[in-house]
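A.B. asks: If you scroll down you'll find the structure; I have some questions about it.
None of the figures in this text is laboratory data; all of them are computed from the coordinates on show. Note that the structure is a prediction, hence the values are computed from the model and not measured. For neighbour counting, all protein chains shown are included, and Cβ atoms are generated from backbone atoms with ideal geometry for every residue, glycine included.
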Amino acid sequence: MSDHSERDVHREVTELQGKSATAARLFDIRRIIGGLFVVYGIIVTIAGITASDADIDKAEGVNINLWTGLGMLALGLFFLAWLWLRPAAPPVPDESSAEGPTKV
């Protein structure tokens with residue numbers, strides 16, 4: 001019976017380590033920052049493309065929304081490319097958790 005419970009504990013630990021690695025990749029901060037910058041960059045770029053002459057005159061002839069939106073797009077795409085080129089490494093399991101429960 002002891003052997004069966006150790007096997008179950010080892011299986012559960014392995015499953016939790018797999019879930020932890022998936023969560024680490026899913027919630028990588030580069031994905032969140034890159035995604036937000038791309039979404040906001042698209043919105044601001046569209047606002048810059050549709051800007052009126054009066055809006056451009058307010059910024060002394062510079063279409064600030066267009067340039068800011070393009071900069072945000074570039075930064076967001078940089079973060080997403082960084083995530084794609086160097087994905088997060090899965091966490092290394094502890095030696096103590098891999099050994100299983102200690103017997104007294």
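A.B. asks: Going by average Cβ neighbours within 10 Å, how do the peptides 58-64, 44-50 rank, with the highest at the top? Walk me through the intermediate numbers first.
C.D. replies: Working: 58-64: 11.7, 44-50: 15.3.
Ranked from most to least packed, the peptides come out as 44-50, 58-64.
A.B. asks: Once the piece of chain linking Val39 and Val9 is laid out straight, how much longer is it, given 0.36 nm per residue of separation minus the C-alpha distance between them?
C.D. replies: Contour length minus Cα-Cα distance gives 6.5 nm.
A.B. asks: Label point 7 Å out from Ile46 along Cα-to-Cβ: which residues of the stretch 62-86 have amide N under 15 Å?
C.D. replies: 66, 69-70, 73
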